[in-house]
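Participant: I'd like to ask you about the structure that follows.
The values are calculated or read from the model by the stated rules, or taken from the named source; none is laboratory data. Model, not experiment: these values are computed from the prediction. All Cβ positions, even for glycine, are placed from backbone atoms using ideal geometry, and neighbour counts span all protein chains on display.
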Amino acid sequence: MATPLTNLVPRAGPQGPSGTNLDISIVAGENLAIRDCVYISTGEPGKTAGSAYKTDADITKQSTLAFAIGFAMAAVTLGDSGTIRIAGILGGFTSLTIGRPQYISGTAGGITETAPTNSVLVGIAISTTEVLLNNRGSQNTVSGFGIKGYFAGGGTGADVGQVVTDKIIYATDTTAAVTTANISVARELATGISDSSTKGFISGGYAAGTGMSAVADKITFSTDVRLAVTTANLTGQRYGPAGISELVTKGYYIGGITNGTPIITSDKTTFSTEVNAAQTTANVPVANGASTGIQGGATKGYITGGTTGAYVATTNVITFSSDITAAATATNLTAIRGYAAGVSNGQTAGYVSGGSSSTYMLVTDKLTFSSDVFAAMTTANLSIARNGVAGVSEGSTKGYCAGGSTSAGSMTATTDKIIYATDTSAATGSASLSLARSWPAGISDVGL
């Protein structure tokens, strides 16, 4: 006989003030420990309908198909009644990352900040020890937070292009080569855009011996597999365009360099069809290449710095709804430069790091989207002055600037991590590239 649910009322709990939490009393279908993530069985084989069992992301019945997910408020022995919190705040955890989503993990009863294949969002960390529980039902996506990014291609000196692609896992700050994602044509100075959920494109670039490229390679995030997609090829061979994604439906390649000359040309890729076409309304007002693209929230993107024949600090803004690019008036960089890395939290601010003008640079500028104003942010400066850096963003909390060439002429594998909440940056050894190189392309599964 099904076990009835009882005491479905708000009550004070050991980790929350009175009136903020929703707890139920239910019989345990197995031994439970305090803070075990549990679900209520509907009577699948081997389980008692109406009893509480540990969740497990490796099993769909215990994750994406589970019902009424909550947490045990204390240890409960098989067959005994216990209290399960299904809404409110639960404390007592350790080492949580504030603002990070919490998912059912592949360890029975556990939670993780890295979304597994059977991804179910159970809450968000509001402190290093507390989770605000998700009471809106099972969800397998959360806006603004990514799982991984890629650094593809690049050069190792004398314009020698590479096909190597590295994958960075955001939860662990670790980077490793992923040969299944290696790009089809060895090249540097390619540009990446992505749709924030399923795929990204690495397009254009240059390599000695093969020259400029219009090739577009697609990396599918779920499989880490690269595939050449000719319909997404650029409309002309070029290197160093700025890449900006609108995140949902389209991305842009703006400007670039052809045969050593900056151009105004802009292309738009439609993600659903994987087709790229010229978008003349998005052309930059003045021919420009080696500029940096920054995703500026839901409505606009920025194309900043670069070279028009000489390095500049000027900025253009593209409006996503109209596909129109126009010169901006209040958004110049604090110093002229090109070939810098750009990262964005997708909501309030973006960062431009490194690059070169007369010298190689480590300076980082922060762009506040609400005011369209850049300001030098010395606490976020790169650890090494360098040119040809690539940027990817995890979303709302941190971004990474990887690779580049130093003033000594050597390539570096160094990766710096920017923490958005504190505007601070530091070299992160575990995130170093597998191969020292400059001018790789960066894409992220959140499109930033």
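Participant: Output the residues belonging to segment 219-263 that are within 20 Å of Ala390 (Cβ to Cβ), touching a helix residue (DSSP H, G or I) at 6+ places or on another chain (Cβ under 7 Å) and part of a strand (DSSP E or B).
Facilitator: Passing the criteria: Ile219, Arg226, Tyr252, Ile254.
Participant: Can I ask one more? Out of all the residues in segment 49-101, which are surrounded by fewer than 18 Cβ atoms within 10 Å (Cβ to Cβ) and among the polar types (S, T, N, Q)?
Facilitator: Selection gives Thr60, Thr64, Thr77, Ser81, Thr94, Ser95, Thr97.
Participant: Kindly list the number of the only condition in (1) in contact with a Ser or Thr (Cβ under 6 Å, 6 or more places away or on another chain); (2) surrounded by fewer than 24 Cβ atoms within 10 Å (Cβ to Cβ); (3) at pLDDT below 95 that fails for Gly447.
Facilitator: Gly447 satisfies every listed condition except (2).
Participant: Next question. For a quick check of your reading: which strands (runs of 3 or more DSSP E) sit entirely within segment 267-369 and have at least 1 residues that are closer than 27 Å to Gly154 by Cα, in the same structural domain as Tyr252 (by TED's automatic domain parsing) and within 25 Å of the chain's Cα centre (by Cα)? Working first, answer last.
Facilitator: On the way: elements: 275-278, 292-295, 300-304, 315-319, 324-327, 341-344, 349-353, 364-368.
In segment 267-369, the matching strands (runs of 3 or more DSSP E) lie at 275-278, 292-295, 300-304, 315-319, 341-344, 349-353, 364-368.
Participant: Here is a follow-up. Please list, ordered by residue number, the strands (runs of 3 or more DSSP E) wholly in segment 15-121 having 3 or more residues that are within 30 Å of Asn345 (Cα to Cα). Don't jump to the end; show me each part of the working.
Facilitator: Numbers: elements: 22-27, 37-40, 52-54, 67-72, 81-87, 101-104.
In segment 15-121, the matching strands (runs of 3 or more DSSP E) lie at 101-104.
Participant: Here is a follow-up. Which count do you get for residues in segment 357-405 that are surrounded by fewer than 24 Cβ atoms within 10 Å (Cβ to Cβ), modelled with pLDDT under 95 and among the small types (Gly, Ala, Ser)?
Facilitator: Selection size over segment 357-405: 5.
A quick yes/no check of all residues on (1) touching a residue at least 40 places away in the same chain (Cβ under 8 Å); (2) in contact with a strand residue (DSSP E or B) (Cβ under 6 Å, 6 or more places away or on another chain); (3) surrounded by 24 or more Cβ atoms within 10 Å (Cβ to Cβ); (4) not assigned by TED's automatic domain parsing to the domain that holds Ile294:
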residue: Thr172; (1), (2), (3), (4): yes, no, no, no
residue: Ile183; (1), (2), (3), (4): yes, yes, yes, no
residue: Thr191; (1), (2), (3), (4): yes, yes, yes, no
residue: Gly204; (1), (2), (3), (4): yes, yes, yes, no
residue: Val248; (1), (2), (3), (4): yes, no, no, no
residue: Tyr252; (1), (2), (3), (4): yes, yes, yes, no
residue: Thr265; (1), (2), (3), (4): no, no, no, no
